[in-house]
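Have a look at the structure below before the remarks.
Derivation of every value follows stated rules applied to the coordinates shown; laboratory data play no part. Values in this document were obtained by computation on a predicted structure and should not be read as measured data. Note that each Cβ is placed from the backbone with ideal geometry, even for glycine, and that neighbours are counted across all protein chains shown.
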Amino acid sequence: MSDVGIVTLVLIIANFIFSYGGFLDRQLFEKYKFEVDGILIYKEYVRLLGSGFLHVGWLHLGFNMFSLYAFSWMPEFLFGYWQFALIYFASLIGGNLLALFIHRHHGDYSAVGASGAVSGVIFAAIAIYPSMGIHPFGIPISMPAWLYGGIFVLVSIYGIKSARDNIGHEAHLGGALVGMLVAIALEPRLLTLNYVPILGILLPCLVFIFLIATRPHLLLIDTAFGKGRDNHYDLEHKYNAQKTTRQKELDKLLDKIRRKGINSLTAKEKQQLDEYSK
């Protein structure tokens, strides 16, 4: 691993400054975080870029910046300052656009982090040198980069499909795909030299995106790990869904009062009834 490049250093500093600002100022964080309603309904497109410079905490920020530092030297050295910056920002926006497409009906979905951009840098490095040894998550055993890339893609697809955690797998997968494609577009000979591992990584990504674009019902699942998400097509639909839920809860409380009396309500139920009465 070589010394950090100039563009990488600028990006790391920018991430630390902007993320620290978000730690201190909740309004700044809310203004620039990735949020589906904010982007699609209020046209706040700056969130597609600004969210990539925000993080939820120091561990989140540190992990992303260390990953950027560890993998950036090779693509920055090969492509130069401006083309490396293109890979970074294209991956950031591309990852967020995939997340936006997948969550376009989930108005309250939000996310932050540079993971999409960093994934793009990592996969650009894999396109350059797929046989390089890496130690993911600090494990002492080295694995070839192409194998890590394949596992990363499968884990991301499973994470999107199962919705079992709060990790932005969509941005990771979209950023990785865009990063590798931009690297190949900038240096086409990479595909000629490393076509087997590159195609082995790209094809599952492209097939998965094609399937969710043409058969979106594939994402509507309930599993033991996570429930299928509510589809809110716009603010009015979201409001009506919430109103219906509140009405059902209120009806249950009133029915309980009718059958057993108001003293049968728990403290939490009395608090709910008081809130609904307002």
Obtain the nm distance between the two label points defined at VAL56 and ILE141 by a simple spin-label model: each point lies 7 Å from its Cα along the Cα-to-C-beta direction. 2.9 nm
What list do you get for MET180, MET143 if you sort them by fewest beta carbons within 10 Å? MET143, MET180
Among 55-62, 82-89, what's the highest-first ranking by average C-beta atoms within 10 angstrom per residue? 82-89, 55-62
Calculated FRET efficiency, SER131 and PHE77, Cβ-Cβ r, R0 22 Å, to nearest 0.05? 0.80
What per residue convex hull volume, in Å³, comes out for region 23-134 when only alpha-carbon positions are used? 109 Å³
Per 0.36 nm of contour for each residue apart, how much would the distance between VAL155 and ILE257 grow if the chain were fully extended, relative to their Cα-Cα spacing? 31.8 nm
Cα-based Kirkwood hydrodynamic radius, region 6-219, one decimal, Å: 17.3 Å
Would you list TYR148, TYR195 from fewest to most Cβ contacts within 10 Å? TYR195, TYR148
Rounded to one decimal in nm, the spacing of the 7 Å Cα→Cβ label points at ASP25 and ILE41 is 2.5 nm
So if R0 is 30 Å, what FRET efficiency would ASP274 and PHE66 give, r being the distance between their Cβ atoms, rounded to the nearest 0.05? 0.05
